[in-house]
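**Student:** Have a look at the structure that comes next, please.
The values are calculated or read from the model by the stated rules, or taken from the named source; none is laboratory data. This structure is a prediction, so every number in the text was calculated from the model and none was measured. Cβ sites come from the backbone with ideal geometry, for glycine too, and all protein chains shown count toward neighbours.
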Amino acid sequence: MKQKVVGQVISQKEIAPMIFDMWIDTTLAGEAQPGQFICVYPKDKSTLLPRPISICEVREDRKALRIVYRVAGAGTKEFSAYQAGESIAVMGPLGNGFPVKAGEAKKAFLIGGGIGVPPMLELAKQLERVGCQVQSVMGYRNQDTFLKQDLEQYGPVYVASEDGSAGTRGNVMDAIRENALEADVIFACGPLPMLRAIKTYAEEKKIPAYISLEERMACGVGACLGCVAKTKNVDVHSHVHNARICTDGPVFLAEEVEI
Amino acid sequence: MNLQTEIAGVVYKNPVMTASGTFGSGMEYSEFVDLNKLGAVVTKGVANVPWPGNPTPRVAEVYGGMLNAIGLQNPGIDVFMERDIPFLKQYDTGIIVNVCGKSVEDYVEVVERLGEEPAVSMLEINVSCPNVKEGAIAFGQKADALYNITNTLKKHAKQPIMMKLSPNVTDITEMARAAEAGGADALSLINTITGMKIDIHRRKFVLANKTGGMSGPAIKPIAVRMVYQTAQAVKLPIVGMGGIATAEDAIEFILAGASAVSVGAMNFINPYCTEEILKGIEDYMRMYRVENLKDLVGAVHE
């Protein structure tokens, strides 16, 4: 069930320039699934709208959530200054999340690009638990390969960097080619050009690709229709070619959305 | 203590409603709010056929509020009658349906379909959405156009019609008088104020539609002023809205002349706010020993 609650910051640190890693003590962790997100509310009343941030990890006792986010504006700048013990208003868990089913896939690509890396961590943990072989392929700007070590707990991590300072020079698709990797399912989150390349790759390989989309949101719960993705077929809820990213997504089968 | 309010002969159990477009048909927020507690749910605008709405980005944050250019995406009246109305009928709350269209004929079609549904207590006519190229605000910025559409719809409507006015006019009282002359039963105001936001780093418009309607707490003083002016100009009951975030805000609108209030963008920030606002109004009435909410309507004085 979705709730808006006040949680408490357990810890926070900057793990790469402008990338912050925060653990929050909150009841929202109880039902949180990989690929879902939470809305975080700034305290400054001039910045009213919630900031949708993906869930990076759920603590084993299901009483705390980890978010890893980039400072992109006034709201995230405010969050980045929070110290341990600070209260933090959060709503969630929101969205559908990635499907994790035992026996469904033997070998998976978990592909993250930039600030699309964080949701892959809880997913890697859950997939490994159901016996899926996890291969992470992560794209970064440079050698600031945040969360790489965390991901290595669950399987090999292949890195691509735009400037060539870590792993394969280029993007995640270059890393897949360079390492001659194969998989029978893809889970991905990252910038649109990366997701487009993955959609094409998945169509060529005839494998399913679950991609997590982002869009500017207002309500976060499916009421305002602010964040929509173009769909191939008429959507069952909207009755037009639009699905709500916050509620029907953020995870979609690549073949079902026009990106 | 009596919180009831009467609008065009329809009694609502309390004055707290939801602003069209911010609350869907109540489904999404029913996880947070007990819809039975609301005076009415005012639905997202519905047209005769499904509308896809505008490209994204459709929303942007601005200082103290937001811009939206959804473009009235809606599933069309058929789905609305089969799915949304039965959902709302499960609750003990008023149902007010917001009606939109590209042409007068579109509006007439929707108004007539809704006439088949006695659970719908009132129709809010959207002549003020600033985000669509045809219809909506095109009928709400010229007094003669507003008079004509009001007059036509009144002939076809089984329920009372409430014309939703745009603040994007020189003189809102001129529009209010045109709607009254056309036969409107009530008025609601204000719709959003047309605005714009530019991303200075990309040197692009933030919204795909370039312009969007501004809502949120920053617009409240404008809305209160327009409700007051309108209440002075016409005899019609008014549902007031625009930036209501707290009970104090809602009471300002009521004192300015609104018989009920709608809460919009604040639902996005605090999904529990409608119930909290209702409770705050009760506390205010208790504090000042006001027995009937009606006694507060338009009670501001010099």
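**Student:** Any residue that is within 14 Å of another protein chain (Cβ to nearest Cβ), touching a residue at least 60 places away in the same chain (Cβ under 8 Å), closer than 26 Å to A:GLY222 by Cα and crowded, with 22+ Cβ neighbours inside 10 Å - is there at least one of those in the stretch A:51-68?
**Tutor:** Checked the stretch A:51-68: at least one residue is within 14 Å of another protein chain (Cβ to nearest Cβ), touching a residue at least 60 places away in the same chain (Cβ under 8 Å), closer than 26 Å to A:GLY222 by Cα and crowded, with 22+ Cβ neighbours inside 10 Å.
Per-residue answers, yes or no, for (1) without any contact (Cβ under 8 Å) to a residue 40 or more places away in the chain; (2) part of a loop (DSSP other than H, G, I, E, B):
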| site | (1), (2) |
| --- | --- |
| B:LYS158 | no, yes |
| B:SER166 | yes, yes |
| B:ALA178 | yes, no |
| B:HIS201 | yes, yes |
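**Student:** Go through the stretch A:198-231 and give me each residue that's at the interface with chain B (Cβ under 7 Å from one of its Cβ atoms) and acidic (Asp, Glu).
**Tutor:** A:GLU215, the sole residue that qualifies.
**Student:** I've got another one for you. Which numbered condition in (1) under 25 Å from B:ILE219 (Cα atoms); (2) touching a helix residue (DSSP H, G or I) at 6+ places or on another chain (Cβ under 8 Å); (3) of a type in the set (Lys, Arg) is the only one that B:ARG58 fails?
**Tutor:** Of the numbered conditions (1) under 25 Å from B:ILE219 (Cα atoms); (2) touching a helix residue (DSSP H, G or I) at 6+ places or on another chain (Cβ under 8 Å); (3) of a type in the set (Lys, Arg), the odd one out for B:ARG58 is (2).
**Student:** Output the number of residues of the stretch A:122-144 satisfying the condition of being within 19 Å of A:MET18 (Cα to Cα) and either in contact (Cβ under 8 Å) with a residue 60 or more places away in the chain or touching a Cys at 6+ places or on another chain (Cβ under 7 Å) (or both).
**Tutor:** Result for the stretch A:122-144: 1.
**Student:** Answer yes or no: is there a residue in the stretch A:7-21 that is within 14 Å of chain B (Cβ to nearest Cβ) and within 24 Å of A:PHE98 (Cβ to Cβ).
**Tutor:** Within the stretch A:7-21, not a single residue is within 14 Å of chain B (Cβ to nearest Cβ) and within 24 Å of A:PHE98 (Cβ to Cβ).
**Student:** Hey, another quick one. Evaluate the following for B:GLU112: is it away from chain A (no Cβ under 14 Å), under 27 Å from A:VAL234 (Cα atoms) and part of a helix (DSSP H, G or I)?
**Tutor:** Here the answer is yes, as B:GLU112 does meet what is asked.
**Student:** When only residues in the stretch B:238-250 that are surrounded by fewer than 24 Cβ atoms within 10 Å (Cβ to Cβ) and of a type outside the set (S, T, N, Q) count, which is nearest to B:THR194 (Cα to Cα)?
**Tutor:** B:ALA245
**Student:** Ok, one more. Can you find even one residue in the stretch B:248-255 that is in contact with a helix residue (DSSP H, G or I) (Cβ under 9 Å, 6 or more places away or on another chain), modelled with pLDDT of 95 or more and closer than 25 Å to A:VAL221 by Cα?
**Tutor:** yes
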